[in-house]
């Protein structure tokens, strides 16, 4: 695998997810340090769970870049907060970009570990979505993963495209780019056209008593 490309996707995904976490924290009466923590957890949460499941040392323990990038994301948010906060779609866009990039990072690392393709897709989905779940839980919101939005399924679809490209021997960079764009585009289309899975209706509704 192209290690440099994977690292670049990882760092870009970190920045995008950190921005989304900090942006969401801005409306919760949280101070700067708290916003930094929310951004950091959003950025590293999925990858941490992935590494623990793969019996690896969590990546951020070995590399300080993730702390620095989250700090840069906080600084950018503070400097450009007027423009960022006026754009209602800012959180969604950064979250979507992070989702796509981190999904591919998770898949790539799992492929390098020699895991079956279906495990790689699961690990990619975990990498992409769990950070957002952790962010939402800390901010007392129902996680996007559990709402009707197409979220984790976009990761699964991107993983499927990744392995189609992989098995027809497309270059690594092309494979990762196509797969990441698949996740992002599916998420964008789903939100744009209000495409979602059916909601689970209450089971066992009480029957009205017949007089």
So which of 93, 99 ends up being closer than 28 Å to residue 4 by Cα, touching a residue at least 24 places away in the same chain (Cβ under 8 Å) and assigned to a helix (DSSP H, G or I)?
99
Of all residues in the range 73-90 being touching a helix residue (DSSP H, G or I) at 6+ places or on another chain (Cβ under 8 Å) and within 24 Å of residue 177 (Cβ to Cβ), which is modelled with the highest pLDDT?
73
Pairs, first without any contact (Cβ under 8 Å) to a residue 24 or more places away in the chain in the range 175-197, second surrounded by 14 or more Cβ atoms within 10 Å (Cβ to Cβ) and assigned to a loop (DSSP other than H, G, I, E, B), C-beta under 9 Å, six or more apart:
178/170; 189/150
Return yes when residue 96 is touching a helix residue (DSSP H, G or I) at 6+ places or on another chain (Cβ under 8 Å), modelled with pLDDT under 95 and surrounded by 14 or more Cβ atoms within 10 Å (Cβ to Cβ) and no when it is not.
yes
Restricted to the range 119-148, and to residues that are in a loop (DSSP other than H, G, I, E, B) and touching a helix residue (DSSP H, G or I) at 6+ places or on another chain (Cβ under 9 Å), which residue is surrounded by the fewest Cβ atoms within 10 Å (Cβ to Cβ)?
142
Could you give me the residue pairs with C-beta distances under 6 Å whose first residue belongs to the range 129-146 and is closer than 15 Å to residue 183 by Cβ, whose second residue is part of a loop (DSSP other than H, G, I, E, B) wherever it lies, and which are 6+ apart or on separate chains?
144/151; 145/151
Is it the case that the range 20-36 has a residue that's at pLDDT 95 or above, within 28 Å of residue 107 (Cβ to Cβ) and in contact with a helix residue (DSSP H, G or I) (Cβ under 6 Å, 6 or more places away or on another chain)?
no
Has the range 110-118 got any residue that is modelled with pLDDT under 95, exposed (fewer than 14 other Cβ atoms within 10 Å of the Cβ), out of contact with any helix residue (DSSP H, G or I) (no Cβ under 8 Å at 6 or more places or on another chain) and part of a helix (DSSP H, G or I)?
yes
Regarding residue 181, is this residue over 15 Å from residue 117 (Cβ atoms) and at pLDDT 95 or above?
yes
Test result for residue 175, under 18 Å from residue 13 (Cα atoms), surrounded by 18 or more Cβ atoms within 10 Å (Cβ to Cβ) and under 16 Å from the mean Cα position of the chain (by Cα):
no
Working carefully through the options 6, 57, find the one that is closer than 30 Å to residue 167 by Cα and assigned to a loop (DSSP other than H, G, I, E, B).
57
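The values are calculated or read from the model by the stated rules, or taken from the named source; none is laboratory data. Treat the numbers as computed from the prediction; the structure is a model and nothing was measured. All Cβ positions, glycine included, derive from the backbone under ideal geometry; neighbour counts span all protein chains shown.
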